[in-house]
Amino acid sequence: MSELYRIKIKSVAENKVRAEIKVVHPDAGTKFASRDFALQILIYTALSKEDWKNAIYHHPMKSEYDKLKELLYGQRVASSEAEYEKLANDRAFYEAKNKELKEKYGFGISSYGFASENWHIQLQPNTQALLDKAYQIVAQKPKKSTVKDDKGKIIKKTYSLDFEVVDAQYLAHLVVGMEYDTAAYELESYEVYYHNYSPPTIKNLNK
């Protein structure tokens, strides 16, 4: 998957974050001032590089980030090498297994393979549940602004994204200067248009 943006953490103060977003792919848009994109920044900075992962092991919100990761990437279900071979070579078996998993977990197969010394099936992500969590965690719609150089000239394809979270503990793993490329993109408009997603209201969030 092609990387769309380069993200850099510019500042962290209490429950506030400023990230720099640089567009690195010609097909990437600039519609990323959304709660879910901000939440993805928090998730990816916890997981995208090996040396950063250590910070999440003792994170005060570790269990919460584990759940968020599962929503973003999809749940992993234990499998076996024999099942892998059947999934790869027997279409009828694949379709039957996909139906079984949908009935049991609500989501079908996204991928399958071997990682971390285990055979597994990766289910499709629970995107709408992730969007609901974004509304609960990110306090308000993030603000996007242009970035200027030392002479006051606007830097092309580079933006600042400012957002706040409801609890500063969500930011415990962030360090100014963190930088990485990502294929993340704004999810909400896609889910609204194609899957009839309804953003939660403030009233529902407070229940």
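Bear in mind these aren't lab numbers, they're just calculated from the coordinates by the rules spelled out. No experiment lies behind these values; they were computed from the predicted model shown. Neighbour counts are summed over all protein chains in view; Cβ atoms, including those assigned to glycine, are modelled from backbone coordinates with ideal geometry.
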Query raised in the report: In degrees between 0 and 90, to the nearest 10, how far off the longest principal axis of the chain does helix 62-73 point, with axes built from Cα atoms?
Result: 70 degrees
Query - Mean projected area (nm²) of the alpha-carbon convex hull when the chain is viewed from all directions - result: 14.0 nm²
Query raised in the report: For the pair Gln169 and Ser110, how long in nm is the line joining their label points, each one 7 Å along Cα→Cβ?
Result: 2.6 nm
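Hey, what's the Kirkwood Rh for region 76-123 if you take every pair of different alpha carbons, in angstrom?
Values: mean 1/r = 0.0942 Å⁻¹.
One over the average 1/r among Cα pairs gives 10.6 Å for region 76-123.
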Report summary line: Which of Lys69/Lys144; Lys8/Lys102; Lys104/Lys141; Lys22/Lys151 exceed 31 Å between C-alpha atoms? The answer is Lys8/Lys102; Lys104/Lys141
**Report entry** Sum of -39500 (n - 2.57) over DSSP H runs of 4+, divided by residues of the chain (222 nm, nearest 500)
**Finding:** -11500 deg cm²/dmol
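Report relative contact order for the chain in percent, whole number only (criteria: Cα-Cα under 8 Å, sequence separation at least 6).
36 percent
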